[in-house]
Structure formats: structure tokens, C-alpha cells
Amino acid sequence: EDQVTQSPEALRLQEGESSSLNCSYTVSGLRGLFWYRQDPGKGPEFLFTLYSAGEEKEKERLKATLTKKESFLHITAPKPEDSATYLCAVLDYGQNFVFGPGTRLSVLP
Amino acid sequence: NAGVTQTPKFQVLKTGQSMTLQCAQDMNHEYMSWYRQDPGMGLRLIHYSVGAGITDQGEVPNGYNVSRSTTEDFPLRLLSAAPSQTSVYFCASRIGGRNYGYTFGSGTRLTVV
């Protein structure tokens, strides 16, 4: 059975203080790993897809990386508007899509 | 494109009442799913569909019913609402058979009293 865990559960950063969020996964066969951002009261919004170990994707202050067992979402010099819950999910070869519980990020001015 | 549209945004039901949450997408996506999101539990899959006329159960299907008569619409029915069904419900769709992620609707916040 596919499993996705995320750490930490919650993270508070000062504006400009860089950090990383972790997504660890166990999957029968990985077709893709996805990162989403979710703001309070809204649906998850797609950020990145990673397909193979060693792959990296960047968008503004965010960079996602992938290894065979985990993915990291690196946040460089975050701003208060980066505050949100960040979800990761895996898609396996059976077309099963499994989400992790999320990391709640707060960036203080 | 509107993407994935959910209605209503908010709903309060009394225990035992039934209702239908509506979901429509205009992207011609084959796959559609319903998730519920509860504090500390993450997104849990209720039911999903891989195409018109095909539905299947997810992780937490009890108390819910779905149908998929068209590619665009995927309504979720609560048969007899219970307080345990108080949650935020999200509908999502994606292209079938490819390694693409889901596009989500904005959610329905349901309270059962």
C-alpha cells in the first residue's frame, strides 16, 4: 500500500529565513510526485510534478527535488505570502493518487 | 475555462437529511474524484471515476453515493447525513492514463448538526 508522510507538521519561519519541507513516500511504482499549495478555505493548487530521481523543478522562491524515497520542497528567502499548507502526493502505476497530510507553513514579517 | 466548479460552497444539514454536492469540469478530463479533508487527516478519497459510466470506491465510501452519466459532471450524494460527515469536500479532475496531477475545485464546507 502506498504511503506518504510529510515533515514537519508545522513550520514557522521569519521572512527571509530559508528552509526545506520533506515528503517521504513508499510506492509500488512511482509515476509521478506532485506538490500542491493550499490556502485557507481554498482547494489545493498545483505547483510541481517530478518524475524521476535527480529531477528538480523551480518556481520563484520554491525548488522541488526528488530522490528514490523522498522529495524536498526548498523555500529560499520566503515572504509572508508563501504562508500556506503544502501537500505532496504520489501517483503509482495502478493510477492510485495518494496524498500526504501536509506541512503548514507560516512566514512571519 | 472555468476548471472544476463545485456548488454549493457552504451547506448546513440536519442529521438524517440527504443532499447532493455538485461538481462539473470543462477540461474534458476522464478522471474525477471526490475527497474529504478533515483536520489532521489530510485528503481522503471517497469515490472516483475513470470515465463516464464507471465509478469505484475509495478509502472512505460509506454514506456516500456517486454517478457519472457525462464526462463533465460527477455529483456526490449524501444519503442520510451524520455529524461524522461534517467536513470540507473537494472535487478534482485530471487527464486519464497520463502522469498528470489533479485540478481541484474550491470546495464545499458541510456541517451536519
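Rule-based calculations on the coordinates, nothing more; no lab input. Quick caveat: nothing in here was measured; it's all calculated off a predicted structure. Cβ sites come from the backbone with ideal geometry, for glycine too, and all protein chains shown count toward neighbours.
Within this structure, A:Pro109 fails the test of being over 10 Å from the mean Cα position of the chain (by Cα), over 17 Å from A:Ser24 (Cβ atoms) and either within 12 Å of chain B (Cβ to nearest Cβ) or buried (at least 21 other Cβ atoms within 10 Å of the Cβ) (or both).
Only one of the listed residues (B:Ile54, B:Ile46) is under 10 Å from the mean Cα position of the chain (by Cα) and without any contact (Cβ under 8 Å) to a residue 60 or more places away in the chain. That residue is B:Ile46. Within segment A:37-57, the residues that satisfy the criterion of being facing chain B (nearest Cβ under 10 Å) and surrounded by fewer than 18 Cβ atoms within 10 Å (Cβ to Cβ) are A:Gly41, A:Lys42, A:Glu45, A:Phe46, A:Tyr51.
Checked across segment B:74-84, the condition of being away from every other protein chain (no Cβ under 14 Å), under 25 Å from A:Gly32 (Cα atoms), assigned to a loop (DSSP other than H, G, I, E, B) and among the polar types (S, T, N, Q) holds for no residue. Taken as a whole, the structure places A:Glu60 among residues that are at positive phi and more than 13 Å from every other protein chain (Cβ to nearest Cβ). So, in segment A:65-103, exactly how many residues are within 14 Å of another protein chain (Cβ to nearest Cβ), surrounded by fewer than 16 Cβ atoms within 10 Å (Cβ to Cβ) and in contact with a strand residue (DSSP E or B) (Cβ under 8 Å, 6 or more places away or on another chain)? Of the residues in segment A:65-103, 2 are within 14 Å of another protein chain (Cβ to nearest Cβ), surrounded by fewer than 16 Cβ atoms within 10 Å (Cβ to Cβ) and in contact with a strand residue (DSSP E or B) (Cβ under 8 Å, 6 or more places away or on another chain). Of the residues making up segment A:19-34, those that are part of a strand (DSSP E or B) and either free of Cβ contacts under 8 Å to residues at least 12 places away in the same chain or more than 9 Å from chain B (Cβ to nearest Cβ) (or both) are A:Ser19, A:Ser20, A:Leu21, A:Asn22, A:Cys23, A:Ser24, A:Tyr25, A:Thr26, A:Leu30, A:Leu33. Report, by residue number, each residue of segment A:14-29 that is closer than 22 Å to A:Glu56 by Cβ and of a type in the set (D, E, K, R). Matches in segment A:14-29: A:Glu17 only.
Within segment A:70-106, being farther than 13 Å from A:Tyr25 by Cα and in a strand (DSSP E or B) holds for A:Leu73, A:His74, A:Ile75, A:Ala84, A:Thr85, A:Tyr86, A:Thr103, A:Arg104, A:Leu105, A:Ser106.
Segment B:18-70 holds strands (runs of 3 or more DSSP E) entirely within its bounds, and those carrying 3 or more residues that are surrounded by fewer than 21 Cβ atoms within 10 Å (Cβ to Cβ) and of a type outside the set (Ser, Thr, Tyr) map to B:19-25, B:42-51, B:54-57.
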